[in-house]
Structure formats: C-alpha cells, structure tokens
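In what follows, a structure is listed as structure tokens, so that the remarks can point back to it.
Derivation of every value follows stated rules applied to the coordinates shown; laboratory data play no part. What you are looking at is a predicted structure, and each value in this text was computed from that prediction instead of being measured. Using ideal geometry, Cβ is built from the backbone for each residue, glycine included, and neighbour counts are taken over all protein chains shown.
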Amino acid sequence: MSSITRRTALAAGASLLAPAWAQTASPTPAKPLVIKFSHVVAPETPKGKGALRFKELMEIRSGGRVKVEVYPNSTLFKDKDEIAALKRGEVQLLAPSLSKLRPLGVKEFEVFDLPFLFKNRNAFTDTAQSYGRTLFTKLEPSGVRGLAFWDNGFLLMSANRRLRDVDDFKGLKMRIQPSAVAEAEMHALGAEPRVMNFSELFTGLQAGSVDGTEGTASNFLTQRLPEVQKHLTLSNHGYLAYALLVNRAFHDSLPADLRAVFDSAVADATQYANAIANTENAWALGKIKTSARVALYAPLAAELDEWRRALMGVHQDVATRVGAAALQAAYQAAGFVPPR
Ligand code: SIN
C-alpha cells in the first residue's frame, strides 16, 4: 500500500463492504451501464480520491452492472465546458468548485466565495448543510441535481513576491476561478484578476501570463506550482469546496435497485472525501515546506485585519446581487458577524 493510500485509508476509516442488500443485486447484464465522472484536479487530491472511491463502491455494490469511468485533470472536459456537458448528458457526474456554478444561474452560491466568511471548517460544513442544501433545490429546473458538498480546504495566496500587505498585490495579474466574488476581491486588493481554466494554470504561471493565484495546498502541490511560484501566504482568506452534481434525467432513469446503490455510493464517497480533505492539505503543506522551493509566510493577525478591511466591500457587492436576505442567511449559518 502506498503511503498516500495508507494515509487516507486511516484518515477516513472507511469500509468498502457492501450493505447486505447490494450483495443480492440482479445478475450482471452483458453490457454494463457506464457512468462518466469528469473533474479537473489530480487523482491524488481529496476530490480525485473521492471520485475513485465512488467508482470502487459503485462497481462493487452493483455487482458489475455499472462501470464508472473517472476522468481527472480535465482530460474529458475543462472548467469552461463541463457544466454544459453535464446538462447535455455527455457526462453523468461532476464536482465543480462552488465558484464555477455561475452557468447554472443560482447566484446565491456566490456567498461561498466571500472572503473570511468561514472561521473554520465546521462553519463551512454548517453553511453547506443548511443554506447550501436549499440552493440545491434551485438547480433542478436546469436539469442538474445537487447531491452533496465535497470539501477541499482554505485558500492560500501565491506569487513570486511575498504577499504580506495589501500593497504587495498592486499590479499583479492573479489567476482566479470564474467567480464574480474572486474578481471583486482581486480588484479590492489592487491586483488584476484573470479568469483561467485550472488546466492552464501551470503554463500560465510559467509563461508569465499570470503572476500568482489562490488555491489550497493540495492543489498547489499536485499542479506542480512549487516549480513556478516562490512565495505562498497562509492567508486562509477563502474556502474551496465542491458540489457533487448529477445529470437529473440520468439519476431519475436509474432502476430502483441501482438508484439505491448509487445513492449509497455517493453518501459513502462523500463521507470519505470529506474525512480526508484536512489530512491531505496538511500533508501537502508539509511537502511544500520540506521541498524548500517555496517561502511560506504566516501573516500576523494585524496583517490579516488589513486584508479583511480591504475586502469587506466585496460582501456588500454580493448583497446587491443575491439580496440582503440570502447574505444574512449565509452569515447566520456560518456564525459570521460582520465588523462594524
Ligand atoms: C478544483 O479544485 O476543482 C480547481 C479549483 C480551481 O480552479 O482553482
């Protein structure tokens, strides 16, 4: 067993054993049903491992009636195209970040991108399970069903200069996800936001079309960013998480026994992905640290207060788009009290 596999197996404490009812599934048909699960990150990330766990559970519990094809690293669809592909049924499962849901037209998801909204991981989970779940119902008319929230972790900021004070961002071209909040955030810091597919991030940084980015330690390491970024600030200023989405017509078309297997595989893969996210990011940060290629900077509380002051206007911005009531509901779920 590799050290990564052993590490995550221990962290998740999960079992592959099928529930008793799954062991009596109907005989294997000649041609298995194929489920395509496309995502943009590396297989050895929390999301990548969650997708593989889903595949394992689904294939075992369906007794071979279903084959799950997992396409990591944007090999099937890039950020920009994956939601349209899901709606067309060219792929059945996706787990885009909450920052990439704009094409689905439920703008209230924007609040998940707000800077400094979540004081810890539990605050994110509480918000996802209450406020977030209500948003899933709004996705249904678009032909997409929200199944679960998958965790990654807190966002860090990187560049080839140390990012300590707000002034340090001045003039930097920062790669962002396609999020109105991230865009406003970079403007508020004095940087120039550039939306770019995740699959183009490494080459964008290498070629200098962008100078820096924000992301989790796990994504930073697995995208080989230590080769192209010299500084990483442990700012924890935002949160990266995913919505596990299924094509609704496909989900509805599953026969009852397979639907039960599918839903149980989703539930257990979700539990697994969320259980390993923290450990994976801590491990990745340790690797980045010991590689000594990247200078890590842990900002002081006073420095983060300066970031916070610069970024609070972004919260007001969001209120104008999603409405004050939605913003308040998210604040309440997160236990966030805006500074006066
Ligand atoms: C992901 O974790 O799915 C990618 C996030 C990003 O585009 O930065």
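In table form, for the structure just shown:
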item	result
Selection from region 91-115 of residues that are out of contact with any Leu (no Cβ under 9 Å at 6 or more places or on another chain) and within 14 Å of the ligand (Cβ to nearest atom)	LYS100, ARG102
Odd one out for THR216, checked against (1) more than 16 Å from the ligand (Cβ to nearest atom); (2) in contact (Cβ under 8 Å) with a residue 24 or more places away in the chain; (3) closer than 21 Å to ASP79 by Cβ	(1)
In region 28-43, the residues that are more than 13 Å from the ligand (Cβ to nearest atom), of a type outside the set (A, V, I, L, M, F, W, C) and in contact (Cβ under 8 Å) with a residue 12 or more places away in the chain	THR28, PRO29, PRO32, LYS36
Subset of region 136-179 (residues that are in a helix (DSSP H, G or I) and surrounded by fewer than 22 Cβ atoms within 10 Å (Cβ to Cβ))	PHE136, THR137, LYS138, LEU139, GLU140, PRO141, SER142, VAL166, ASP167, ASP168
Residue count, region 171-193 (criterion: touching a helix residue (DSSP H, G or I) at 6+ places or on another chain (Cβ under 8 Å) and away from the ligand (no atom under 12 Å from the Cβ))	11
Number of the condition not met by PHE202 [criteria: (1) buried (at least 18 other Cβ atoms within 10 Å of the Cβ); (2) closer than 23 Å to GLU227 by Cβ; (3) aromatic (Phe, Trp, Tyr); (4) within 19 Å of the chain's Cα centre (by Cα)]	(1)
Residue that is nearest to the chain's Cα centre (by Cα), among those in region 47-69 that are in a strand (DSSP E or B) and buried (at least 19 other Cβ atoms within 10 Å of the Cβ)	VAL68
Counted residues, region 86-135 - those being crowded, with 18+ Cβ neighbours inside 10 Å and either without any contact (Cβ under 8 Å) to a residue 12 or more places away in the chain or of a type in the set (A, V, I, L, M, F, W, C) (or both)	19
Options THR216, THR233; residue that is surrounded by 24 or more Cβ atoms within 10 Å (Cβ to Cβ), touching a helix residue (DSSP H, G or I) at 6+ places or on another chain (Cβ under 6 Å) and either of a type outside the set (Lys, Arg) or within 17 Å of PRO96 (Cβ to Cβ) (or both)	THR216
